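These notes are about the structure you will find just below.
The values are calculated or read from the model by the stated rules, or taken from the named source; none is laboratory data. No experiment lies behind these values; they were computed from the predicted model shown. Cβ placement follows ideal geometry from the backbone for every residue including glycine, while neighbour counts extend to all protein chains displayed. Accessible surface is based on the protein model in full, side chains and every heavy atom, while ligands, DNA and RNA are left aside. Shrake-Rupley method; radii C 1.70, N 1.55, O 1.52, S 1.80 Å.
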Amino acid sequence: MTNITAAITAIHGYVPPKILSNADLEKMVDTNDEWISSRTGIKERRILAEELGTSDMAVEAVNGLLKKRGILASEIDFIIFCTITPDMVFPSTACVLADKIGAINAFGYDLGAACSGFIFGLETGSRFIQSGAYKKVLVIGGDKMSSIIDYTDRNTCVIFGDGCGCVLLEPNYEGFGVIDSVLKIDGSGREFLHQKAGGSLKPASHETVDAREHFVFQEGKTVFKFAVKGMADVSAEIMERNNLVADDIAWLVPHQANLRIIDATANRMGLDKEKVMINIDHFGNTTNGTIPLLLWEWENKLNKGDNLVLAAFGGGFTWGAIYVKWAI
Ligand code: UT7
């Protein structure tokens, strides 16, 4: 262990301008605003133009971040691109992004952990900083969920949206930044949330397209049960491990899958609603984008020294919580 911590020194985000509202969805599938609002908390979500990919949202987010921090893309050492909707199966979206923004001195790769991707990426980037070998690490969470959503399936199409956020990690010597993490995977949950075809197990064919197997499949009720327990358990564990009580925590920054899951986590932590960041109402579930987009939207309310708990649950299953001491 070194005395270096990885501080978040800049943050930015991007969502596409096109809005898909609950009223729009009422015209597409058998659903209604009342059902969507009461079961999920979602009112509207953003949809990226069909001809664009996840990297295009990241270009906007990262260029905004670089401008804010006053650095050049060529100063970035390492890019971790957390996504389940890469531009292509290969090369990685990190490569595509590096080329588009001119990050000519970086290496990088994509990280796939579904909705927990961003916090897994944050832990990974943090360790690279702690090693002392890397000084400027970009962690990006972004997804064009509309590219893998079946807009004839009311079970899933009302939930997801497109968006991308990013943070810059830099060394800190005063104890700010990523302090601790509890991260978990359990692949026995894969049957409840997955994309059936398009991987090596079941490559694309006429049959898989006809059977609509290139879209998100979710058994919502089962995932809900695991998510409520999983996200609350790790959030409580990270508090205990770091001797934090509710009063010590400035913000819960939860993955935005369902308002009811978020409420359950906040209750377990003993937190008031005022301390919980929420953007599910206007962005829906942006998968890897939810947590960095929250930090971006709340940036002006964050103060140096604030204790944040970032928590997520997603496909895999994957889940975890990270304790961050805000550095800027
Ligand atoms: O981010 C990654 C991790 N994912 C999650 O954490 C998601 C966890 N799951 C959930 O958030 C919830 O399970 C959902 C929001 C996906 C679904 O809510 P639910 O309360 O579990 O509803 P359900 O799937 O049990 O469906 C209840 C009823 C069903 O009708 P019947 O069988 O009771 O007649 C559905 O067919 O609601 C029906 N339904 C809908 N009705 C109107 C399902 N989708 C819709 C819809 N509009 N869009």
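Is there a residue in the stretch 192-203 that is of a type in the set (D, E, K, R), within 15 Å of the ligand (Cβ to nearest atom) and open to solvent by 40 Å² or more (accessible area, probe 1.4 Å)? Checking the stretch 192-203: not a single residue is of a type in the set (D, E, K, R), within 15 Å of the ligand (Cβ to nearest atom) and open to solvent by 40 Å² or more (accessible area, probe 1.4 Å). Of all positions in the stretch 156-167, at least one carries a residue that is of a type in the set (Asp, Glu), within 16 Å of the ligand (Cβ to nearest atom) and buried (at least 17 other Cβ atoms within 10 Å of the Cβ).
Quick grid of which residues meet (1) over 22 Å from Asn172 (Cβ atoms); (2) assigned by TED's automatic domain parsing to the domain that holds Phe226; (3) open to solvent by less than 30 Å² (accessible area, probe 1.4 Å):
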{"position": "Ile79", "(1), (2), (3)": "no, no, yes"}
{"position": "Gly121", "(1), (2), (3)": "no, no, yes"}
{"position": "Thr124", "(1), (2), (3)": "no, no, no"}
{"position": "Gly142", "(1), (2), (3)": "yes, no, yes"}
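What are the residues in the stretch 269-284 that are touching a Phe, Trp or Tyr at 6+ places or on another chain (Cβ under 8 Å) and either farther than 14 Å from Leu310 by Cα or within 12 Å of the ligand (Cβ to nearest atom) (or both), if any? Listed by number, the list holds a single entry, Gly284. Based on this model, can you work out whether Lys225 counts as within 15 Å of the ligand (Cβ to nearest atom), without any contact (Cβ under 8 Å) to a residue 24 or more places away in the chain, out of contact with any Leu (no Cβ under 9 Å at 6 or more places or on another chain) and under 19 Å from Ser116 (Cα atoms)? For Lys225, the condition - within 15 Å of the ligand (Cβ to nearest atom), without any contact (Cβ under 8 Å) to a residue 24 or more places away in the chain, out of contact with any Leu (no Cβ under 9 Å at 6 or more places or on another chain) and under 19 Å from Ser116 (Cα atoms) - is met. Within the stretch 240-268, being open to solvent by 10 Å² or more (accessible area, probe 1.4 Å), away from the ligand (no atom under 16 Å from the Cβ) and within 21 Å of the chain's Cα centre (by Cα) holds for Ala250, Trp251.
When Cys95 is tested against (1) touching a strand residue (DSSP E or B) at 6+ places or on another chain (Cβ under 8 Å); (2) in contact (Cβ under 8 Å) with a residue 24 or more places away in the chain; (3) over 30 Å from Glu174 (Cα atoms), just one condition goes unmet, and that condition is (2).
When Glu34 is evaluated against the numbered criteria (1) surrounded by fewer than 19 Cβ atoms within 10 Å (Cβ to Cβ); (2) away from the ligand (no atom under 16 Å from the Cβ), which criterion, by number, is the only one it fails? That leaves (2) as the condition not met. Checked against the criterion of being in contact with a Pro (Cβ under 7 Å, 6 or more places away or on another chain), of a type outside the set (Gly, Ala, Ser), closer than 20 Å to Glu297 by Cβ and part of a strand (DSSP E or B), the stretch 35-48 has at least one qualifying residue. Of the residues in the stretch 145-152, none is among the acidic types (Asp, Glu) and either open to solvent by 30 Å² or more (accessible area, probe 1.4 Å) or within 27 Å of Thr9 (Cβ to Cβ) (or both).
Among the helices (runs of 4 or more DSSP H) contained in the stretch 91-195, which hold 2 or more residues that are among the hydroxyl-bearing types (Ser, Thr, Tyr)?
Output list reads 117-130.
Yes or no, residue by residue, for (1) of a type in the set (Phe, Trp, Tyr); (2) modelled with pLDDT under 95; (3) closer than 28 Å to Cys157 by Cα; (4) in contact with a helix residue (DSSP H, G or I) (Cβ under 7 Å, 6 or more places away or on another chain):
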| residue | (1), (2), (3), (4) |
| --- | --- |
| Asn242 | no, no, no, no |
| Asp248 | no, no, no, no |
| Trp251 | yes, no, no, yes |
| His255 | no, no, yes, yes |
| Ile262 | no, no, yes, no |
| Asn288 | no, no, yes, yes |
| Leu295 | no, no, yes, no |
| Ala311 | no, no, yes, yes |
| Gly316 | no, no, yes, yes |
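The residue that is farthest from Gly163 (Cα to Cα), counting only those in the stretch 117-143 that are small (Gly, Ala, Ser) and touching a helix residue (DSSP H, G or I) at 6+ places or on another chain (Cβ under 9 Å), is Gly121.
Kindly indicate whether any position in the stretch 206-214 is closer than 30 Å to Asp306 by Cβ, open to solvent by less than 20 Å² (accessible area, probe 1.4 Å) and β-branched (Val, Ile, Thr). Looking through the stretch 206-214, none of the residues is closer than 30 Å to Asp306 by Cβ, open to solvent by less than 20 Å² (accessible area, probe 1.4 Å) and β-branched (Val, Ile, Thr).
Listed here are the residues, each with its yes/no results for (1) touching a strand residue (DSSP E or B) at 6+ places or on another chain (Cβ under 6 Å); (2) within 24 Å of Ala10 (Cβ to Cβ).
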| site | (1), (2) |
| --- | --- |
| Gly230 | yes, no |
| Leu244 | no, no |
| Trp251 | yes, yes |
| Leu271 | yes, no |
| Asp281 | no, no |
| Gly284 | yes, no |
| Val324 | yes, yes |
| Ala327 | yes, yes |
